[in-house]
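Rule-based calculations on the coordinates, nothing more; no lab input. Bear in mind the structure is a predicted one, so any value in this text is a computation, not a measurement. Because the Cβ atoms are built from the backbone with ideal geometry, glycine has one as well, and the counts that use them run over all protein chains shown.
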Amino acid sequence: MFRRSSGIILHITSLPGDHGIGSLGEEAKEFVKFLVKSGQRLWQILPLGPTGYGDSPYQCFSAFAGNPLLIDIDRLIQRKLISKSDLPKENFDESRVDYGKVINYKYSIFKKAYEKFKKSEGIKSVYNIFCKDNSWWLDDFALFMALKSHFGGKSWLEWEHDIKFRKDDAIRHYKEVLKDEIEFHKFLQFIFFDDWFETKSFANRNGVEIIGDIPIFVAMDSADTWANTDIFLFDENLNPIDVAGVPPDYFSVTGQLWGNPLYDWDKLRKTNYKWWVKRVESSLKMYDYIRIDHFRGFAGYWAVPYGSPNAINGEWRKAYGDELFATIQSEIGSNIKIIAEDLGVITDDVVELRDKYKFPGMKVLQFAFNNWADNEYLPHNYDRNCVVYTGTHDNDTTVGWFSKLSDSDKEYVLKYCGLNTSKEINWGLIKLAISSSAVFSIIPMQDVLGLGSDSRMNTPGVAYGNWSWRMKKDKKTLNKVSERLYDLVRLYSKF
């Protein structure tokens, strides 16, 4: 099920391109070609959902919808839904995503494309099939987004009482009043998924498989919570009782207060985990493998009282992960390709759950060098059933990380990597990852390019300035690193 392979982690937003943000068009296909040339069989991405406050792909308006900002403008032109003359003149930073500017730019184009779509009959039949097949999540999501716009972007917790509580009369009223806006959001999802499956199909035809990413929790302000309040820990006023986070750890001395609503595991059990089964099933249609973020939350989760200023005063509570995965296997099949993000505070029950279902866990090389030879993140301690990363989206780049180490730690890292100088420390860790016994090795594109801390994707605990890094177009550099990657995967039989 898991073949010894190597790959790159690069989110779609980080691809180069002309419209302010990476998209599911030619730049995605060019990256697939780079992977093939480099001997890489895996492309890992971050969650693809529609982002909101903070632009985090881990805080989305839906666990099932796609992010319209990733729609390819050039494919809209090819579909004859817009023309080049419809494009506003805009100058974008090639190295960073300015989400505010991109949203205004792209949505002005989407509105024009939607008006053209309404007058054309060519793809209406395919659109209608898409809406019917996905109605189980799409209807609520499109209504949610239309309502969000209607109420000035406010969280659904602040909407009018009757629609907040999904009263039948209110639902009927707003479906009629916001009919065109609802159809607009369905149209965007139709276009997004057409672009996505075109990209995935191209990757698969060229021997590249996609590792998707699904967060264990959903955003408070999401269609998922609004449409499924019964499976979350809400009080009678639909306010969260407790919220998600993690205790103090490597990333933050006050813990991380994520603020996501927590599942009511007893209610989930009574539904035979229907919502989660649907979520995993739909994800496995989108991706070849899925990485589940914060896997430890299926064994036990950190519950923080709603309104707390940080995550220090939370408590551990038990989840029903064993029952959940047994149900998922019963409903979908035992051959589910899941990678367990098992970082952080890992207790015996987390390990038992992971190993029972034979999910490979994660190893991060940046966590390995504390001068203890038995550190579980050092490659000589790996078993085969794991996925090794030089770093993840939450880590500094390897170059940035190394620059901040103490002199003694730097000496240890260099010695372990067999290097005399730190000039190519990124390649030292890349070689460790690819040469290891881990079944998959995944390298952030920033490490392949040898970039510093200013190219970091995310800094946990920092609300602003994340998720914006973009890769620059530089064929000369890409050709050079492609050769090095290819040589490594051939040398260590990881292709």
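Of interest is the spacing of the C-alpha centroids, which for the stretch 481-495 and the stretch 25-76 amounts to 25 Å. With helices as the sole contributors, the chain gives -12500 deg cm²/dmol at 222 nm; each DSSP H run of n ≥ 4 counts as -39500 (n - 2.57), and the sum is divided by every residue.
Each Lys and Arg Cβ is given +1 and each Asp and Glu Cβ -1; about its Cα centre, the stretch 192-351 then shows a dipole of about 280 debye.
When the Kirkwood radius is taken over all Cα pairs of the chain, what Stokes-Einstein diffusion coefficient follows at 20 °C and 1.002 mPa s, in µm²/s? Let's see the in-between values first.
Working: Rh = 23.7 Å.
Taking Rh from Cα pairs, D becomes 90 µm²/s.
Ranked by the mean number of other Cβ atoms within 10 Å per residue, highest first, peptides 460-468, 365-373, 139-147 order as 139-147, 365-373, 460-468.
Given a Förster distance of 45 Å, report the FRET efficiency between R172 and D487 from their Cβ-Cβ distance, rounded to the nearest 0.05.
The value I calculate is 0.10.
Counting charges near L491 (Lys, Arg +1; Asp, Glu -1) among other residues having Cβ under 14 Å from its Cβ returns a value of +3. Peptides 236-246, 1-11 ranked from most to least packed, by the mean per-residue count of other Cβ atoms within 10 Å: 1-11, 236-246.
Of K270/K318; K80/K101; K267/K337; K33/K200; K179/K278, which sit over 21 Å apart, Cα to Cα?
Result: K80/K101; K267/K337; K179/K278 exceed 21 Å.
Protection proxy ranking for 469-476, 423-430, 324-331, using the average of other Cβ atoms within 10 Å per residue and placing the highest first: 423-430, 324-331, 469-476.
In percent, rounded to a whole number, the relative contact order of the chain is 20, using alpha-carbon pairs under 8 Å and six or more apart.
The calculated FRET efficiency for the pair I77 and K285, based on their C-beta separation and a Förster distance of 30 Å, comes to about 0.60. With the convex hull constructed from alpha-carbon coordinates only, the stretch 235-344 shows a mean projected area of 7.6 nm² over all directions.
Put the Cα centre of the stretch 79-135 next to the Cα centre of the stretch 449-468 and the gap is 29 Å.
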